[in-house]
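Presented below is the structure to which this report refers.
Just so it is clear, none of the values below were taken in a lab; they were calculated from the coordinates. The structure presented is a predicted model; accordingly, all values stated were derived computationally and were not measured. Note that each Cβ is placed from the backbone with ideal geometry, even for glycine, and that neighbours are counted across all protein chains shown.
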Amino acid sequence: MSIILLILLIGLHLTSAGPIDHWSVGNIIISKPDIRFRVDIYSPTTPGSYPVLIFLPGLAGLVPSTFYTSLVTAIAEQNVILVGISKIENIKPEKMSVHIDNFLAWAIKPKDGITRLFAEHKQVREVHANLERLAFLTHSSAAHSLGQYMNSTCGPIKLIIMMNPVDGIDPFGIVQDFITHPPTPLPFRTPALIISAGLDSVSIGQKSPACAPNNISNDRWYRSLYGPTFLINITDYGHADNLDEPYHEASKIMCKPCTGSLCHFAQYKLDEATLITSFIRAIFDRDLRQLNIIQNPQSAVQSHVSNKYDLHGYDYTSGGPGGFCTRD
Ligand SMILES: *[C@@H]1O[C@H](CO)[C@@H](O)[C@H](O)[C@H]1NC(C)=O
Ligand SMILES: *[C@@H]1O[C@H](CO)[C@@H](O)[C@H](O)[C@H]1NC(C)=O
Ligand SMILES: *[C@@H]1O[C@H](CO)[C@@H](O)[C@H](O)[C@H]1NC(C)=O
């Protein structure tokens, strides 16, 4: 009897996370032959139409999405297509925004770009990557590159999500090059979710800088964004706790991690995925139940969180305006 119940429960659990597929396409050449991307796609395989989340990982794409397998897999299992870009060869960090521009122009080309990647991969033939619902996700200092890109154009982006966003070329603030100057508004408005970690601004030792000092990170972005802007702080975790092992273990020599018995890194990554996909659904589906998760996140996640938000005058009483990006 109890075994049957157990099997039923496991069955229920499995149906809540859909089947997915991951494949990599190396050496996608955009524009000039000497500039190449590696693309990692994580997609639901159940036929249907899904929003697309472009992911620029930490250190502006030097770190591949495969260092975040648990997180990006959970995102795809929650019915969002994730397209990670990395290994952009021959770039200078300050040129990263130009490469985002090239990549997005290629990604949305009809019969080419992401549409072609899906058409050529048989496990997802009946999956439609909905490029009208395009979101952009960053980790750490990749936020700087995205901010620089959006400082001149929205392109096809309709909402943004920044995990532990840092401004500046490096996460420590050694190279001072800012795109944000709070409270001066950035020149675009788009729905934005910032997910910070409570230990972002805590250094591992007296002589070393924190991975994301607060004066160049999370709140700095929160005070520069003037669309509907949400910040969720996962208070017990650190700047690089969303990486897979062994990269996570290696990150501990630079970034303060969660320590002690309350740390549950798999749960942390699942919670982060839940917040990301809830936000995407809240905005694109104009779904008030999902929006309620973003406004009261503790109800939906097990990790401890605190949060704040500022709708900046946008009306969400009946679902809001959907995904958008406008320029002042
Ligand atoms: C961002 O855009 C503003 C104009 O809207 C411009 O004055 C500024 O120089 C740009 N910042 C950078 C770092 O390109
Ligand atoms: C997140 O929470 C931690 C711990 O409570 C706090 O020190 C930190 O300032 C918070 N970060 C933000 C961006 O609110
Ligand atoms: C941030 O704070 C640190 C330490 O107080 C300081 O050295 C640095 O100049 C500050 N950076 C900015 C951009 O305000």
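Give me the net charge for the shell around Gln302: Cβ to Cβ below 13 angstrom, other residues only, Lys and Arg +1, Asp and Glu -1.
Residues close to Gln302 contribute a combined charge of -2.
Post the alpha-carbon centroid distance, the stretch 214-255 to the stretch 104-142, in whole angstrom.
Their Cα centres are 26 Å away from one another.
For His304 and Val25, calculate 0.36 nm times their separation in residues minus their Cα-Cα distance, and state this gained length in nm to one decimal.
So the chain would gain 96.8 nm between His304 and Val25.
What net charge do the residues around Cys258 carry, taking every other residue with its C-beta under 9 Å from that of Cys258, with Lys and Arg at +1 and Asp and Glu at -1?
Taking every Cβ under 9 Å from that of Cys258, the sum is -1.
Summing +1 for each Lys or Arg and -1 for each Asp or Glu, what net charge is found among the other residues whose Cβ lies under 13 Å from the Cβ of Phe136?
+1
Quickly work out the Glu245-to-Ala266 label distance, labels modelled 7 Å from Cα along the C-beta direction, and quote it in nm with one decimal.
About 1.1 nm, to one decimal.
Of all DSSP beta bridges in the chain, what percent run antiparallel (nearest 5)?
Here the antiparallel bridges make up roughly 45 percent for the chain.
Among Pro19, Gly155, Ala76, whose Cα lies farthest out toward the positive end of the dipole of the chain, if unit charges sit on the beta carbon of Lys, Arg (+1) and Asp, Glu (-1)?
Toward the positive end, the furthest listed residue is Gly155.
Measure up Lys122/Lys158; Lys158/Lys256; Lys207/Lys256; Lys158/Lys252 against 23 Å on the Cα-Cα distance and list the ones that go over.
Beyond 23 Å: Lys122/Lys158; Lys158/Lys256; Lys158/Lys252.
Show me 283-293, 214-224 ranked by packing, highest mean number of other Cβ atoms within 10 Å first.
With the highest mean Cβ count within 10 Å placed first, the list reads 214-224, 283-293.
At a Cα cut-off below 18 Å, give the aspartates and glutamates reachable from Lys95, other chains included and same-chain residues fewer than 8 away excluded.
List returned: Asp34, Asp167, Asp170, Asp177.
Relative contact order for the stretch 20-327 using alpha-carbon pairs under 8 Å, separation at least 6, rounded to a whole percent?
16 percent
Which of the listed residues, Pro64, Leu53, Ala273, is farthest toward the dipole's positive end in the stretch 20-327, when Lys, Arg count +1 and Asp, Glu count -1 at the beta-carbon?
Leu53
Quick check on packing: order 179-185, 268-274 by the mean number of other C-beta atoms within 10 Å, highest mean leading.
Taking the mean over residues of other Cβ atoms within 10 Å, the ranking is 268-274, 179-185.
Asn102 versus Asn215, label points 7 Å from Cα toward the beta carbon: distance in nm?
3.7 nm
Using only the Cα atoms of the chain, what do you get for the radius of gyration and for Dmax, in Å?
Reported Rg and Dmax, both Å: 19.0, 64.
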